[in-house]
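Written out below as structure tokens is the structure these notes cover.
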Amino acid sequence: MPADKTNFHDAIIIGAGFSGLYQLHQLRDQLGLEVLVVEAGQDVGGTWYWNRYPGARCDSESYYYSYSFSKALQREWRWTERYAEHGEIRRYLDHVADRFDLRRNIRFGTRVRAARWDDGNTLWEIETEAGETLTCRFLITAVGCLSAANVPDIPGLGGFSGQWHHTGRWPHEGVDFTGKRVGLIGTGSTGMQAAPVIAAQAAHLTVFQRTANYSIPSRNRPLSAEAWAEIQENYDAIRTKTITSSNGHPFEVFDKSALDVSPEERDARYERAWAEGGLGFRASFNDLLKNKAANDTASEFIRRKIRAIVKDPEVAAMLTPSDHPFASKRPPVDTDYFETFNRSNVTLVDVKAAPIQEVTAHGLRTSAAEYELDIIVFATGFDALTGPLLAMDIAGQNGCRLRKDWAGGPRSYLGLQVPGYPNMFTITGPGSPSVLTNMPVAIEQHTQWITACIAHMLAQGFNRIETSLAEAEAWGAEVNAAAHATLLPLANSSWYLGANVPGKPRAFMPYAGGMAHYAQICAEVAQDNYRGFTLGRVPGG
Ligand code: N01
């Protein structure tokens, strides 16, 4: 502990979303540490605090997009819909914060500007944007994977006379689209959720699409009393399935190749999965993400669906993806997305054929035409995984800087720790399964591992943990190999690769070797005396 104990904490956690809240609960209530959470927003929620755009809801199903660590919490919280809407998820996290009395250790409205490792004193110094300095033994980033909004640098935006908003920074008071001409840029998960809801309210919606995208209908519905009773009865089995699966979902993967069944059986399976809705479509066969020919059958099935739904054949052709295999980019699920293009107040514009050139005072101009707009909605995604970490100026040992160290792409051991940055843990950091899974599963595994690691250090009298460049490089090679054993790298414009942000180094960032397999590796590392980490006690700490 430093001589000046003011503002010293055993651990500082950055972020009060799913991961920060649970990490706080564990370190404070299991280990008895003195913990502070600093959060830029004015309340808990993380991604759900910021993403309040029309149509925002989770596309993992509510009853397993939730914490599993407390059976009492699981029993008392009643989800109302198959896919929870953003407000309901915030209410859930509010409830968690109150139930576990977490707010007293969270400082809201506090954004971290910089963090600096003090080697002599074995502690981190955190500087907030307000200029305050806090210190701690352990620094834990719980900043989310998709929290750094990506607003494209389009000339003229500053001179736009209407309103514009990025979906990930949506105004809390909402946006009234009534009678407005709205432009929506982006057709990823977010744009596909937002378009039908905006179209139902606006005078006119113009969707600016760069890349056509696959989507599966969500088939959202209220969770009936019977459905809820069945979930409650089977919760243990559901949770077991999520942690033993490759992506944190309790899906039963049909254990056959799409190529090992007759075309009739294949289509019947796809039809059933389409009717059931949701991300479980990927579990129709066991090789959809591994074998291109198998994947082609699923991709073609969805293309046929798009052509059947969209009445205008030219619009249908524009909406039909052809440049990447299904699910090689994160597959969206939607409610009436393709149907929206049958509305008379919706226009689709192909901005790959005719790129956006500028925002004018009254709208958008592409190389082919000008569109008058009152509101522009940017559903243009995020500087994923590395963006939220690099938004802070993090300085490690011997003056190393994360922004410099990661200039060629992230380097991390297990996505948990970066060489040169002792005592810093990155929850769902690059190199871990994170965004390839149902997030709460990845978050619970990481926070529990970090808690056990710190508990071990305390028990052994250690005050310092670090990894090495060699370990990070070896793990980086595993991450790369795992990605290349799948079809994921075939999507050239995917944010998994950093390809959506101009100038970002191309590197496949999440670990694609499967959640259960990854958790097993982490458990073995811990059992093997934290293999790949150096733990010790140094003076000064
Ligand atoms: O972002 P995206 P998102 N000009 O990056 C386009 C999670 N999520 O916010 O494909 C024109 O996927 C871009 O075009 P292209 C989920 O993991 C979860 O939709 O790069 N267009 C693309 O169409 C998801 O994957 C939920 O050619 C531009 C779109 O903008 C992740 O968040 C809900 C452009 C961006 O798509 C990100 O999804 C929603 C430009 N300059 C999201 N720049 C849940 O339910 C970008 N685009 C949990």
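The values are calculated or read from the model by the stated rules, or taken from the named source; none is laboratory data. Only a predicted model underlies this, so the values are computations on that prediction, with no experimental measurement involved. Because the Cβ atoms are built from the backbone with ideal geometry, glycine has one as well, and the counts that use them run over all protein chains shown.
Some values worked out for this structure:
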quantity	calculated
Positions within region 484-506 being within 16 Å of the ligand (Cβ to nearest atom) and not in a loop (DSSP other than H, G, I, E, B), in sequence order	Leu488, Pro489, Leu490, Trp495, Tyr496, Leu497
Residue among Val359, Val315 that alone is under 16 Å from Val207 (Cα atoms), of a type in the set (Val, Ile, Thr) and part of a helix (DSSP H, G or I)	Val315
Residue among Ala407, Ala391 that alone is more than 17 Å from the chain's Cα centre (by Cα) and either in contact (Cβ under 8 Å) with a residue 12 or more places away in the chain or closer than 30 Å to Glu39 by Cβ (or both)	Ala407
Residue in region 513-531 that is touching a strand residue (DSSP E or B) at 6+ places or on another chain (Cβ under 9 Å), aliphatic (A, V, I, L, M) and under 30 Å from Arg282 (Cα atoms) present	no
Qualifying residue in region 452-463 (condition: in contact with a Gly (Cβ under 7 Å, 6 or more places away or on another chain) and within 17 Å of Pro422 (Cβ to Cβ))	yes
Whichever residue in region 332-342 is assigned to a loop (DSSP other than H, G, I, E, B) and surrounded by 15 or more Cβ atoms within 10 Å (Cβ to Cβ) and, among such residues, is nearest to the ligand (Cβ to nearest atom)	Pro332
Test: Ile454 is among the aliphatic types (A, V, I, L, M) and assigned to a strand (DSSP E or B)	no
In region 68-84, the residues that are within 16 Å of the ligand (Cβ to nearest atom) and either among the small types (Gly, Ala, Ser) or surrounded by 18 or more Cβ atoms within 10 Å (Cβ to Cβ) (or both)	Trp79, Arg82, Tyr83, Ala84
Residue selected from region 457-470 under the condition in contact with a Lys or Arg (Cβ under 9 Å, 6 or more places away or on another chain) and assigned to a helix (DSSP H, G or I), by the criterion farthest from the ligand (Cβ to nearest atom)	Gln460
Condition broken by Gly415, with the remaining ones in (1) crowded, with 19+ Cβ neighbours inside 10 Å; (2) in contact with an Asp or Glu (Cβ under 7 Å, 6 or more places away or on another chain) satisfied	(2)
Residue among Arg78, Arg90, Arg52 that is outside any helix (DSSP H, G or I), of a type in the set (Lys, Arg), touching a residue at least 12 places away in the same chain (Cβ under 8 Å) and within 30 Å of Ala130 (Cβ to Cβ)	Arg52
Complete set of residues in region 214-261 that are crowded, with 16+ Cβ neighbours inside 10 Å, of a type in the set (D, E, K, R) and closer than 16 Å to Trp77 by Cα	Arg239
Where a residue in region 201-227 is within 14 Å of Tyr63 (Cα to Cα) and assigned to a strand (DSSP E or B) and its partner, wherever it lies, is among the charged types (D, E, K, R) and away from the ligand (no atom under 11 Å from the Cβ), with Cβ under 6 Å and at least six apart	Pro222/Glu81
Subset of region 159-182 [within 24 Å of the chain's Cα centre (by Cα) and within 16 Å of the ligand (Cβ to nearest atom)]	Trp164, His165, His166, Thr167, Gly168, Arg169, Trp170
Failed item, numbered, when Lys256 is tested on (1) in contact (Cβ under 8 Å) with a residue 60 or more places away in the chain; (2) in contact with an Asp or Glu (Cβ under 9 Å, 6 or more places away or on another chain)	(1)
Every pair of residues 6+ apart whose Cβ atoms lie under 8 Å, when the first sits in region 319-331 and is more than 9 Å from the ligand (Cβ to nearest atom) while the second is in a loop (DSSP other than H, G, I, E, B) and among the aromatic types (Phe, Trp, Tyr)	Leu319/Phe341; Pro321/Tyr214; Phe326/Tyr214; Ala327/Tyr214
Exclusive hit being at pLDDT 95 or above and either within 15 Å of the ligand (Cβ to nearest atom) or within 30 Å of Pro422 (Cα to Cα) (or both), set Glu233, Glu226, Glu127	Glu127
Complete set of residues in region 85-110 that are over 28 Å from Ala229 (Cβ atoms), surrounded by fewer than 18 Cβ atoms within 10 Å (Cβ to Cβ) and in contact with a Gly (Cβ under 9 Å, 6 or more places away or on another chain)	Phe108, Gly109
Pair list, Cβ < 6 Å and 6+ apart or interchain, from region 129-140 residues that are of a type in the set (Phe, Trp, Tyr) to residues that are part of a strand (DSSP E or B)	Phe138/Ala11
Some residue of region 183-193 being away from the ligand (no atom under 15 Å from the Cβ) and farther than 24 Å from Ser322 by Cβ	no
Scope region 417-451; condition touching a strand residue (DSSP E or B) at 6+ places or on another chain (Cβ under 6 Å) and either within 16 Å of the ligand (Cβ to nearest atom) or among the hydrophobic types (A, V, I, L, M, F, W, C) (or both); matching residues	Met424, Phe425, Ile450
Tally, over region 146-158, of residues that are acidic (Asp, Glu) and either farther than 22 Å from Leu385 by Cα or within 20 Å of the chain's Cα centre (by Cα) (or both)	0
Pair list, Cβ under 8 Å, 6 or more apart: region 369-382 residue on the phi > 0 side of the Ramachandran plot and within 11 Å of the ligand (Cβ to nearest atom), other residue modelled with pLDDT of 95 or more and not in a loop (DSSP other than H, G, I, E, B)	Gly381/Thr190; Gly381/Trp495
Criterion: of a type in the set (A, V, I, L, M), assigned to a helix (DSSP H, G or I) and surrounded by 18 or more Cβ atoms within 10 Å (Cβ to Cβ) - qualifying residue of Leu364, Leu389, Leu348	Leu389
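Yes/no per residue for (1) among the hydrophobic types (A, V, I, L, M, F, W, C); (2) within 26 Å of Tyr67 (Cα to Cα):
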site: Gln448; (1), (2): no, yes
site: Ile454; (1), (2): yes, yes
site: Gly498; (1), (2): no, no
site: Pro502; (1), (2): no, no
site: Ala516; (1), (2): yes, yes
site: Ile521; (1), (2): yes, yes
site: Ala526; (1), (2): yes, yes
